4 protein chains.
Amino acid sequence: MKKIAVLTSGGDAPGMNAAIRAVVRKAKVLNIEVIGIYYGYQGLVEGQMTTLQVGDVGSIIQRGGTKLYSARYPDFKQSDVQDQAIANMREAGIEGLIVIGGDGSYRGAMDLVKKGFPCIGIPATIDNDVPGTQYTIGFDTALNTVIDAVDKIRDTATSHENLFIVEVMGRDAGDLALYAGVAAGAGAVIIPEVDFCIEDVIARIKRGEYRGKMYNIIIVAEGVMSGTELARLLKENAGITTRVSVLGHMQRGGSPTGRDRVLASQFGAYAVEALVAGKKGRAIGVRNHEIVDYDLTEAFKKEHATNLALYTLATELSI
Amino acid sequence: MKKIAVLTSGGDAPGMNAAIRAVVRKAKVLNIEVIGIYYGYQGLVEGQMTTLQVGDVGSIIQRGGTKLYSARYPDFKQSDVQDQAIANMREAGIEGLIVIGGDGSYRGAMDLVKKGFPCIGIPATIDNDVPGTQYTIGFDTALNTVIDAVDKIRDTATSHENLFIVEVMGRDAGDLALYAGVAAGAGAVIIPEVDFCIEDVIARIKRGEYRGKMYNIIIVAEGVMSGTELARLLKENAGITTRVSVLGHMQRGGSPTGRDRVLASQFGAYAVEALVAGKKGRAIGVRNHEIVDYDLTEAFKKEHATNLALYTLATELSI
Amino acid sequence: MKKIAVLTSGGDAPGMNAAIRAVVRKAKVLNIEVIGIYYGYQGLVEGQMTTLQVGDVGSIIQRGGTKLYSARYPDFKQSDVQDQAIANMREAGIEGLIVIGGDGSYRGAMDLVKKGFPCIGIPATIDNDVPGTQYTIGFDTALNTVIDAVDKIRDTATSHENLFIVEVMGRDAGDLALYAGVAAGAGAVIIPEVDFCIEDVIARIKRGEYRGKMYNIIIVAEGVMSGTELARLLKENAGITTRVSVLGHMQRGGSPTGRDRVLASQFGAYAVEALVAGKKGRAIGVRNHEIVDYDLTEAFKKEHATNLALYTLATELSI
Amino acid sequence: MKKIAVLTSGGDAPGMNAAIRAVVRKAKVLNIEVIGIYYGYQGLVEGQMTTLQVGDVGSIIQRGGTKLYSARYPDFKQSDVQDQAIANMREAGIEGLIVIGGDGSYRGAMDLVKKGFPCIGIPATIDNDVPGTQYTIGFDTALNTVIDAVDKIRDTATSHENLFIVEVMGRDAGDLALYAGVAAGAGAVIIPEVDFCIEDVIARIKRGEYRGKMYNIIIVAEGVMSGTELARLLKENAGITTRVSVLGHMQRGGSPTGRDRVLASQFGAYAVEALVAGKKGRAIGVRNHEIVDYDLTEAFKKEHATNLALYTLATELSI
């Protein structure tokens, strides 16, 4: 293998740059040239690419976002569009592709694999919802961004004895809300994986008041409902007044944490090794402290399993 | 003077604790006892108070929020309620009161002064909108919280070539939006002190696109309109799609910056000196690097003047 | 079991407070009273203790350091001193003890177990060097503190094209230096677990210069040698001029990261469950994403194994 | 004026990039081309320069260090070397030069002015020691870096009841140590502007112990003595044991604070206006909230005045 390509796809996540750097540097060690594709699959089809030298990825390990830009590109579901992508890569002498993104991005990679083009997926999403890996790149950074924001809100909540609702990202997956709930000592955590019950939330709030808790913070994953909707329910069902904070897009940015940088570096290097070893249609992951690869289809066929013991813990510790 | 009291009132601001500490420590140097009043004017009327020793304010200089809690208490406008507050203080042997808060909080202090009770105001609000002082406690911290958030949003904006609207606090005052706009290199800043013109905003966005700017961030003070409303206007008037981020309550919290801690320390110490010197009905402020005092009524009679040169600069530098 | 005690011992680590909180709150769920021992084993012997209510551990999850204070207390090796500790606990009705600290702290716990007093150890040290667990409380926070510092140093190194040596904590264990080296993209990492060879370091520096690298950062664990000593060696052996930065004690402090808070919460709750289940002489740990317990003696009999694959990765990615 | 140049010189300071950006953007508004000189005066002499477009300074406002690199270049004191610099600029059509740096960097600029080449100086140094301006670019960021580090050290100091010495930058100027001392609540601050007296420091430590202060932090500016030297003096003169932390080079780096970014933007824009207005040999500064210019020679003839009232305050508040 003499030449491979790398792209970032879907929502950006902190650590994507660290993964790109690792791909380029590891490839250099193995005497492989790396082509960076701009704008994800769209750039692949439109032929927007550049050679990445070792120096091009210097001083990016600490940067949020992605140097290669990302884009959502629904057209990539079309067979002829995929053919164009493969044709472009073959013409450029590219023999394998590394896709950095969430499980949605893996589908495009799998389509290319089915047409005979070797692809490897690296999981990068703040949602931590890629089945088959215990962590995804970006989750740890987003977690720390959320708890930093909640710590700030707590200052105000404490000073005024208020009840706050904090809405965090997570459409189908509640990991970010759940881990943040434990880490920030939230009074209640509402996630898609656990049936929502307004009576429970009200009961928790009342119990907190009863034991003299002077403020309370409830974390809700956007996938269950918006913070505003929850505020309305609490008002209507129990006359409880709350303030709502929607953390929004800042959760996707920021300089990656140590953990995300290390994970991204490990994933990037391993992905190059996998391609060189002739693997194709494999997703990279971490399990029990080891970097592993597994069938790409597992990542979107299975459901992401959340840590329900942690949910119970969140409930117990915020009495 | 043997005994004074201190309270925090209105919205909390980072650095209030540092001011409380300075009051207690400076008073100690002058052999004056300090009584801390909980929950602002409400606690004053209800008699919720405690003696603050030097050690009680140890290790709070770095904490956001306020150790004395704060509250809004509209009832304090009533004359008999004010009388009760003064009676409570006299009974406790308190000879002067230091009020830490925004210009709204100053009104209550002025009412007490009119009834013969010495009060001194220390300006603390993230809005920086207290007339007569160049800075208020909390503004610098909030500014850094905002630009930290915008820096994170920029990572995502850059990666996806998006247009973002960031809504920041500021009902009547645009300082936070304006300084953040300059500091974050925003493409446009919308503040209450400058007439809003949707055509201008659209023109600025188009110009940015024309010169190849790959993303853009618009900062809007909540006092002008919500981020969502601005998004709607841009969509309806020019077909421009944006993403909206509302920074919300986290802007009030966090460990105070160096500047806010120093300012709070200076204000707190000066306020004690002012009381001891027999001053009453005075507001503390900073002008030209000097700590000053001035008539409390100035602080709510005059209008806060924003730095319009800085607005022009924001416009020029984000071409 | 009706009453248990908790103490923190040895060097403090961010997340100790989160662990104390979890112990108190989980015990409350199980109707167990918790006694907090001040100053580690010393306070145990001197009888410095207090009851910890649910509210006493409110708003400490985000605080660095330890609310119970810590101390080193060599006298605890003496049998009669240990007897005194047990007598104190028995008199207070305490039936089990949770020790939060490094493997050094575990020895004292083991001595108590041998004398018939149930103890459980929770690993908390920024060195990540407790055998039997993949992570210790505090390591993740320290890692992020180090890379934050190195990112700042990089700004200066880049601007001046300098070579920097950064000395980080780690007497016998190189995990902090190693993970930071990968995460910060250090040009070389020097850790106790890998034989030091000055020629290798010089060769790496020269290679970096050759490929046009404009600055370089070398991370050295204090256990191998001081930064100053390394600077001297580079100067004497190759005429290379460097600047040295010793990160020092700030590595032990700071608000714990999300990961450390979650881990501490899990460990604290699990430790209470273990005591209640009649376990004694067990250490808590995390392996493959699961919280486990294992024989306390393993933690100081075995050697901590570092991740040598990560060392190789650090070497490859900083070409 | 059609073309001007900009360079950064001396030690780097956070906010230099924001100043470069402001120079380029303000010049664009006035239809002036900007040439960036690499490596300060050395690059000027060696002809290392590049045209800076509006887009070249995009997304650098938040970056520490300097995009133009910096260097110390003692040869620039020689007259013929200065002639070469002027010849290079004239050949490139450059009509004015903006120098971003400390007062040392101003000397080179003044030499060029004396030979007839218009120069304007922008003060950028973390030491805040440029006479004639109340603040320099970088000081505010360095201040926050120091107090962030001291806050972390405080966690450890509190947990172990230790006495810590923190050595901060500042050869001839104590502003950084002084402001950090107030902001971090240090038990003593030792700066070049105040005569050092070991007995005073010892007395302050003893007094703190007497009133039950459980830990103490002493901040010393490197210009007075090293932290290690102070530790030795305390040991020898009073048997006091301390731990020493030398903050080092990280103080120069990091993303600039809001204040530094705003100041840098104001200075950069004003410098361009000054050049266009035909000014030469002027330094830019801030006084009483206004951007001003003054004779460049004032900046190195006068002595920087420190705020001694703040020193007294530091002493009083840390009783």
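The values are calculated or read from the model by the stated rules, or taken from the named source; none is laboratory data. What you are looking at is a predicted structure, and each value in this text was computed from that prediction instead of being measured. When we count neighbours, we look across all protein chains shown, and the Cβ atoms used for this are built from the backbone with ideal geometry, even at glycine. Heavy atoms of the whole protein, side chains included, go into the accessibility calculation; ligands, DNA and RNA do not. Shrake-Rupley method; radii C 1.70, N 1.55, O 1.52, S 1.80 Å.
Close amide H contacts of A:SER245 (hydrogens built in the peptide plane, cut-off under 5 Å, sequence separation of 5 or more or a different chain): A:ILE165, A:VAL166, A:GLU167. Shape analysis of region A:1-50 places it in the oblate category; the axes a ≥ b ≥ c from the Cα gyration tensor give an a/c of at least 1.5, with a/b not above b/c. Summing +1 for each Lys or Arg and -1 for each Asp or Glu among the other residues whose beta-carbon sits under 11 angstrom from that of A:MET225 gives -2.
Lys and Arg at +1, Asp and Glu at -1: add these up for the other residues within a Cβ distance under 9 Å of B:GLY268 and post the number.
+3
Taking every DSSP bridge with both residues inside region A:1-108, close to 30 percent are antiparallel. Remark: region A:244-257, residue by residue, has Karplus-estimated 3J(HN,Hα) of 10, 10, 10, 5, x, 5, 4, 5, 8, x, x, 5, x, 6 Hz, where x stands for each Gly or Pro and the curve is 6.51 cos²θ - 1.76 cosθ + 1.60 at θ = phi - 60°. Nearest beta carbon of chain B to the B-to-A rotation axis, with distance in whole angstrom: B:VAL246, 3.
Interface B-A: total buried accessible area of about 2500 Å², 1.4 Å probe, protein heavy atoms only. Remark: the Cα gyration tensor places region A:70-156 in the prolate category, a/c being 1.5 or greater and a/b exceeding b/c. Of the residues in region C:257-275, those shielded by at least 30 Å² of accessible area once partner protein chains are present, compared with the chain alone at a 1.4 Å probe, are C:GLY258, C:ARG259, C:ARG261, C:VAL262, C:SER265, C:GLN266.
Taken one residue at a time, the phi angles of region A:35-44 give Karplus couplings (6.51, -1.76, 1.60, θ = phi - 60°) of 9, x, 9, 7, 6, x, 4, 4, x, 5 Hz. Gly and Pro are set to x. Inter-chain neighbour count for D:183-191: the average number of beta-carbon atoms from partner chains within 10 Å of each residue's beta-carbon is 3. Summarised as an ellipsoid, the protein assembly as shown has semi-axes of 42, 41, 33 Å, derived from the eigenvalues of the Cα gyration tensor scaled by 5 and square-rooted, with the largest first. Distances between copies at A:MET214, taken between label points 7 Å from Cα along the C-beta direction, are 1.9, 4.9, 5.2 nm in increasing order. Taking the DSSP beta bridges with both ends in the protein assembly as shown, the antiparallel portion is around 25 percent. Considering only C-alpha atoms, what is the centroid distance from region A:1-76 to region C:45-68, in Å? Their Cα centres are 48 Å away from one another. Nearest-5 percent of antiparallel DSSP beta bridges in region A:182-319? Bridges in region A:182-319 are about 65 percent antiparallel.
Taking every alpha-carbon pair under 8 Å whose residues sit at least 6 apart, chain D reaches a relative contact order of 24 percent. For the protein assembly as shown, the solvent-accessible area of protein heavy atoms averages 34 Å² per residue (probe radius 1.4 Å; ligands and nucleic acids excluded).
The residues packed around B:ALA184, meaning those with a beta-carbon under 9 Å from its beta-carbon, carry a net charge of +1 if Lys and Arg are +1 and Asp and Glu are -1.
Averaged across the residues of A:139-150, what count of C-beta atoms belonging to other chains lies within 10 Å of each residue's C-beta? Let's see the in-between values first.
Values: counts 1, 5, 3, 2, 5, 8, 4, 1, 8, 9, 8, 3.
Mean inter-chain Cβ contacts per residue within 10 Å come to 5.
Taken as Cα centroids, region B:245-319 and region C:204-253 sit 44 Å apart, rounded to the nearest whole angstrom.
By per-residue mean of other Cβ atoms within 10 Å, what is the highest-first order of A:219-227, B:145-153?
Put in order of decreasing packing, that is B:145-153, A:219-227.
Phi angles of region C:18-26 translate, via the Karplus equation with coefficients 6.51, -1.76, 1.60 and θ = phi - 60°, into HN-Hα couplings of 5, 5, 4, 4, 5, 4, 5, 6, 5 Hz per residue; Gly and Pro are given as x. On chain C, 46 percent of the accessible area sits on carbon and sulfur atoms, based on a 1.4 Å probe. Which shape class, rounded, prolate or oblate, goes with region B:141-253 when its Cα gyration tensor gives a ≥ b ≥ c as root eigenvalues, a/c under 1.5 marks rounded, and past that a/b bigger than b/c marks prolate? Oblate, since a/c reaches 1.5 and b/c is not below a/b.
Going by Cα centres, region B:170-202 and region C:106-158 are how many Å apart? Going from one Cα centre to the other spans 46 Å. Pairs of Cα atoms under 8 Å, at least six residues apart: use those to get the relative contact order of region A:138-281, whole percent. Reported as a whole number, the value is 33 percent.
Highest average first, the peptides C:251-261, B:237-247 ordered by how many other beta carbon atoms sit within 10 Å of their residues are C:251-261, B:237-247. Shown for C:GLU161: label points 7 Å from Cα along the beta-carbon vector, and their distances to the equivalent points in the other copies, 3.5, 5.4, 6.4 nm in ascending order. In vacuum, with every alpha carbon of chain B counted as one equal point scatterer, what does the Debye formula give for log10 I(q)/I(0) at q = 0.07, 0.11, 0.13, 0.14 Å⁻¹? Two decimals, please. Evaluating at q = 0.07, 0.11, 0.13, 0.14 Å⁻¹ gives log10 I(q)/I(0) of -0.31, -0.68, -0.87, -0.96. For B:VAL286, the residues whose modelled amide H falls within less than 5 Å of its own, excluding neighbours fewer than 5 places apart on the same chain, are B:GLN134, B:TYR135, B:VAL292.
Peptide D:66-75 shows a mean partner chain C-beta count of 2 within 10 Å per residue C-beta.
Near B:ASN162, the amide H atoms lying under 5 Å from its own belong to B:ASN216; only residues 5 or more places off or on other chains count, and H is placed 1.01 Å from N. Sorted shortest first, the distances from the C:ASP200 label point to those of the same residue in the other copies are 5.1, 5.3, 6.3 nm; each point sits 7 Å from Cα along Cα-to-Cβ.
Legend: residues in region B:200-227 shielded by at least 50 square angstrom of accessible surface upon adding the remaining protein chains to the isolated chain (1.4 Å probe, heavy atoms) are B:ARG211.
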